[in-house]
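Peer 1: Let me give you the structure first, and then I'll get to my questions.
Quick note: the coordinates plus some simple rules give every number you see, no bench work behind them. It should be emphasised that the depicted structure is a prediction, and the values quoted were computed from it without experimental measurement. As a convention, Cβ positions derive from the backbone with ideal geometry for all residues, glycine included, and neighbour counts pool all protein chains shown.
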Amino acid sequence: MENQTPETEQQKRLRASRRAVIKLGTGIVTGGDGQFNAYHLEPVARTIARLKHEGRQVVLVSSGAVGLGRGRLGLHRDRLNDLVIRQACAAVGQSLLMHEYEKLFQAHGLHLAQVLLTEGDFVDRTRYSNLRQTMEALLKLGVLPVVNENDTVSTAELDYLNIRAGERIFSDNDRLAALVMSHIDADVLVLLTDVDGLMELAPGAATSSDAKSNVIPLVEEISPELKALAMGPSEGGRGGMLTKLDAAEIAMQAGGVAVIANGRKPDTLKRIFDGEPTGTVFLSKTRMAGKRRWIAYAAGVRGRVIVNTGARDALTGGKASLLATGVVGVEGEFDAAEVVSIVDAEGLEFARGISDYSRGEAQGMIGNGSSHAAPGSRANGRATVLVKRDNIVLLDRK
């Protein structure tokens with residue numbers, strides 16, 4: 001008998017996974033004419049049906065509503081540069097998207113549920129908890145949730161949430177899929193796109209005609225050098241390879257496996273869950289606790305706390321809480337129990353945390369003496385704890 005090659009860790013985890021989030025990019029869902037691409041999606045539906053019949057739970061995160069709406073309205077792609085037009089196209093396209101998915105999955109005996117999410121579903125802890133309960137109920141009922149951002153209202157709520165456009169929790173469905181995966185403790189995040197994976201040499205960057213772009217098969221750490229390989233946004237979609245790396249990083253922090261692969265190849269999804277080498281696999285080594293993941297990735301940042309060098313060193317070098325004496329300034333409006341960004345004197349964000357006090361209370365606590373952070377919930381004198389250590393998450397800003 002021939003010796004069989006032992007399974008790798010990523011193959012074992014993919015084959016043994018019980019809960020998965022699968023995200024379909026715009027280029028997979030729709031064609032250049034803005035029509036639903038049943039040809040690319042039939043093999044995906046067939047594999048999802050097989051996974052569910054095997055007893056696995058699947059959540060589908062789908063782009064494409066804006067593209068379908070644009071196609072139905074007969075609008076040129078350039079019209080999507082107008083935010084209001086994009087929202088209008090999303091409103092038209094959402095029902096079209098679900099109608100197409102109903103037809104696609106009905107042939108496999110699957111029931112669907114539409115789940116439209118906004119920033120507030122992640123920012124507000126009560127809504128965050130309710131979302132988890134709803135998703136768990138749908139999965140236990142054997143339903144396939146189809147998730148998308150509610151584009152028709154999500155931007156409008158940014159002012160209400162006090163989130164600037166550049167600080168959005170999810171500005172694309174890659175990150176949304178990762179946050180859903182993290183929230184429901186899924187084992188696997190699959191991002192199906194129109195490229196084969198993360199390339200060692202990005203397409204279009206070759207300096208000679210014989211230069212080749214090779215797929216990186218396995219990533220165990222997302223380094224700055226790796227991010228430098230990321231491509232820009234693809235035509236028709238809001239995401240690009242950089243947003244997919246961001247999503248993969250969230251999945252890794254959640255202790256799961258992420259895969260970026262080519263959804264235009266009919267056997268891709270099947271190969272992934274059969275443990276066959278496909279695309280780029282991101283394998284986690286550690287797992288961040290759920291509350292800390294919420295602080296780092298899902299919570300809305302309401303304000304900024306600026307700290308001095310001593311406070312930064314204490315926070316990054318040990319298990320210190322943030323004392324009011326280490327704070328040199330506060331910005332934005334926030335209440336007690338809301339998440340704030342912790343930045344150094346140069347404005348570099350290196351941590352986030354849940355403030356024990358409002359902006360006004362914190363402003364009144366700022367001291368003028370020797371400042372540093374220290375362990376514990378309270379020090380002598382004016383050294384009041386502004387953010388407890390258990391509520392602080394350090395961010396990798398290499």
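Peer 1: For Val29, Val330, Val343, which order do you get if you count the other beta carbons within 10 Å of each Cβ and list the fewest first?
Peer 2: Val343, Val330, Val29
Peer 1: Which length gain, in nm to one decimal place, applies between Gln35 and Asp390 when the Cα-Cα distance is subtracted from 0.36 nm times their residue separation? If you can, show how the numbers build up before the last one.
Peer 2: Details: separation 355, 0.36 × 355 = 127.80 nm, distance 4.89 nm.
So the chain would gain 122.9 nm between Gln35 and Asp390.
Peer 1: Out of the GluC sites (Glu not before Pro) in the stretch 282-351, which ones are loop residues according to DSSP with at most 14 other C-beta atoms within 10 Å?
Peer 2: Details: sites: Glu331, Glu333, Glu338, Glu346, Glu349; in loops: Glu333, Glu338, Glu346.
Here the sparse-neighbourhood loop sites are Glu333, Glu346.
Peer 1: Can you tally the net charge around Ala107? Count Lys and Arg as +1, Asp and Glu as -1, for every other residue whose Cβ sits under 15 Å from the Cβ of Ala107.
Peer 2: The answer is +1.
Peer 1: Still on this structure: Along Cα→Cβ, 7 Å out, is where each label goes; now give me the distance between the ones at Lys270 and Asp78 in nm to one decimal.
Peer 2: 4.4
Peer 1: So if R0 is 25 Å, what FRET efficiency would Glu361 and Thr316 give, r being the distance between their Cβ atoms, rounded to the nearest 0.05?
Peer 2: 0.50
Peer 1: What do you get for GluC sites (Glu not before Pro) in the stretch 50-116 restricted to DSSP loop and a cutoff of at most 16 other Cβ within 10 Å of the site's Cβ?
Peer 2: Sparse-neighbourhood loop GluC sites (Glu not before Pro): Glu54.
Peer 1: Pull out the extension gain between Ser95 and Arg19, defined as 0.36 nm times the separation in residues minus the alpha carbon to alpha carbon distance; nm, one decimal.
Peer 2: Result: 24.7 nm gained on full extension.
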